[in-house]
């Protein structure tokens with residue numbers, strides 16, 4: 001049994017928000033029973049409701065959660081931790097609770113995995129069920145900024161959230177998802193499963209990550225999405241799982257993926273890439289570092305875009321694009337060297353001059369590709 005002094009040593013809650021009076025039973029890491037005596041002196045009865053006092057249901061849920069906090073923190077491995085809500089499911093209110101009632105709260109741990117867990121709880125008055133529900137929680141270091149999770153978000157118990165992660169309203173994060181510290185996930189975004197996201201990413205609202213690939217050959221095999229650090233992913237973009245057991249869809253670091261862009265199965269995107277709005281990539285495409293793809297362009301499956309290439313808006317790309325080239329059209333054709341892109345990236349004048357010579361041999365001479373490459377190597 002734990003009295004109020006032991007409770008305040010275990011959890012950080014204080015009056016008037018400490019909503020349990022004592023713990024009458026506890027099996028460390030498994031089960032706990034708490035008591036809350038409800039009196040007319042509670043502050044919330046002044047407005048809920050004058051003349052007909054009823055304890056707010058959300059506060060009964062909070063009392064159940066506080067009991068769960070005590071249970072979670074009474075273990076050696078949780079020393080120095082605090083508990084955050086990660087989700088609430090299947091909560092049902094069966095009867096009102098009024099002044100003079102004594103609430104008996106029973107909480108049982110049903111699942112734990114690393115820093116996440118799930119509990120089921122019920123609150124009764126004189127043996128009659130008042131409230132029941134299930135709670136998901138996360139354990140974070142005390143003194144460190146933990147994940148900020150909106151109460152309407154749904155987080156799977158196997159998901160892992162880093163420090164300073166922000167999860168917006170109605171976000172859904174599924175099984176085996178890892179979100180790195182400092183990453184923000186906007187409202188209504190769905191990260192379905194099997195996804196690892198790095199640090200300091202800015203994922204806007206209504207993004208879909210981890211949906212099955214648009215591939216008739218996909219049979220539900222386990223694949224993965226890997227997203228690096230400091231990416232910006234704007235509204236309604238879609239990023240799909242790979243086809244093939246153990247295969248990956250990969251996005252590197254410092255990329256900007258604009259609204260409604262589609263990153264398909266088995267795609268590999270490098271670093272510092274800009275993908276314009278409504279761009280449609282096809283499966284198995286490879287995008288090199290510092291590529292810019294204009295809005296509404298389409299890229300055929302298995303096509304490779306070389307480093308620092310620039311793709312004009314609305315282009316239809318059906319062949320590999322060499323590095324440093326500017327292409328556009330339907331079908332897209334090489335127009336010239338991406339000189340402005342080279343200048344912006346600080347490529348030396350000497351290197352630019354050599355690239356111009358190579359461009360002329362490849363595209364402005366009478367040599368075929370093999371002959372042009374031979375001439376380039378001679379230089």
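Derivation of every value follows stated rules applied to the coordinates shown; laboratory data play no part. As the structure is a computational prediction, the values presented were derived from the model and not from experiment. Please note: Cβ atoms are built from the backbone with ideal geometry, for glycine as well, and neighbour counts cover all protein chains shown.
Per-structure values
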item: In degrees, nearest ten, helix 57-73 long axis to first principal axis of the chain (Cα); result: 80
item: Rg followed by Dmax, in Å, when the stretch 244-374 is reduced to its Cα trace; result: 15.0, 46
item: Reference-scaled alpha-carbon Rg (2.2 N^0.38 Å with N residues) for the stretch 206-312; result: 0.96
item: Residue order, fewest to most beta carbons within 10 Å, for 183, 238; result: 238, 183
item: Among 240, 13, 150: highest mean-square fluctuation, GNM of the chain, C-alpha pairs under 10 Å; result: 13
item: Shape box of the chain [Cα atoms, principal axes, largest first, Å]; result: 96, 40, 35
item: The stretch 274-314: translational diffusion in µm²/s, Stokes-Einstein, Kirkwood Rh over Cα pairs, 25 °C, 0.890 mPa s; result: 249
item: Quarter of Cα convex hull surface for the stretch 5-157, i.e. mean projection, nm²; result: 9.1
item: 5 Å binning of all Cα-Cα separations within the stretch 162-220, expressed as whole percents from 0 upward; result: 5, 19, 26, 28, 9, 7, 5, 1
item: Order of 232, 7 under a 10 Å beta carbon neighbour criterion, fewest first; result: 232, 7
item: Tilt relative to the chain, helix 349-363 - C-alpha long axis, 0 to 90 degrees, to 10; result: 70
item: 378, 166 arranged by Cβ crowding within 10 Å, fewest neighbours leading; result: 378, 166
item: Net lengthening on full extension, residue 113/residue 134 (0.36 nm per residue, minus Cα-Cα); result: 6.0 nm
item: The stretch 233-274: equivalent-ellipsoid semi-axes (sqrt of 5 x gyration tensor eigenvalues, Cα, Å); result: 19, 13, 6
item: Cα-based helix-to-principal-axis angle, 369-378 vs the chain, degrees rounded to 10; result: 90
item: The stretch 118-250 shape via C-alpha gyration tensor axes, a/c threshold 1.5; result: prolate
